[in-house]
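Read-outs throughout are calculated quantities, based only on the coordinates presented, and are distinct from any laboratory measurement. Please read all numbers here as calculations on a predicted model, not as lab measurements. Cβ placement follows ideal geometry from the backbone for every residue including glycine, while neighbour counts extend to all protein chains displayed.
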Amino acid sequence: MPSSQAGRLPRWLLAVGAAVVVAVAGIAAWALWPRSAAVAHARQYLNVSACLLTEPGGIAPGTPAAPVWAAMQSASLATHVMVTYLADTGPADVKPMLNTLIERQCGVIIATGTATAGVIAAGKANSHQRFLLVTAPGAAAVAGTPNTAIVPAADAPGRIDQLIRALAANAPPPGS
């Protein structure tokens, strides 16, 4: 063997060594590669909705509508009924806002706050629409209509759950 090749490794051994290094690097890269986050699936709703009309404060914590909205969301999770809300910007907006919710064909329109007279009037004018008026503690009693139920805030979560479950039970099957 010539002296220039005395300290060299055979070529095939170098090729095997390089292949092992590449394989180890590939496995390490695969193992350490960042995983993609789980793909979020869109929630499938029934073809029915429950809508909330709030005071200008909306559904922020501490507002009269906050516990009502929480009850609606809880019932929605259990039933797949879509829930939405609109916050009025003042007494003059109650009627147009209620009309908007009626046009959206909400299965039930739930209202909180000072919209009492507007909800009662809308109930009288729209006998096909169901309404639930949630009154504040100590509010003066008002007479409802056949399609407008009036409940005190303390009883609202249970009543909302009942209404939304009834909507779900009577909803057309998805895709129909």
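The length gained by stretching the chain between Gln73 and Glu103 to full extension, at 0.36 nm per residue less their Cα-Cα distance, is 8.6 nm.
Counting only DSSP beta bridges whose two residues both lie in the chain, roughly 5 percent are antiparallel. Straightening the chain between Ala125 and Ala18 buys 30.2 nm, computed as 0.36 nm per residue apart minus the Cα-Cα spacing. The fewest-to-most ranking of Leu77, Leu86 by surrounding Cβ atoms within 10 Å reads Leu77, Leu86. Considering only alpha-carbon pairs that sit under 8 angstrom and 6 or more positions apart, the relative contact order computed for the range 49-170 is 30 percent.
Note on the chain: along the principal axes its Cα atoms extend 112, 38, 28 Å, ordered by decreasing extent. Determine the shape class of the range 50-154: with a ≥ b ≥ c the square roots of the Cα gyration tensor eigenvalues, call it rounded for a/c under 1.5, and otherwise prolate if a/b is greater than b/c, oblate otherwise. Cα axes put the range 50-154 in the rounded bin.
Computed from the Cβ-Cβ distance with R0 of 35 Å, the FRET efficiency linking Val142 to His80 stands at 0.60. Of all the options Pro91, Pro67, Pro34, the one that moves most in a Gaussian network model of the chain with Cα springs shorter than 10 angstrom is Pro34.
Remark: the range 49-170 carries a charge dipole of roughly 240 debye about the Cα centre, counting +1 on each Lys and Arg Cβ and -1 on each Asp and Glu Cβ. For the pair Ala28 and Ala66, label points projected 7 Å from Cα toward Cβ lie 5.3 nm apart.
With the helix formula -39500 (n - 2.57) applied to DSSP H stretches of n ≥ 4, the chain reaches a computed 222 nm mean residue ellipticity of -13500 deg cm²/dmol.
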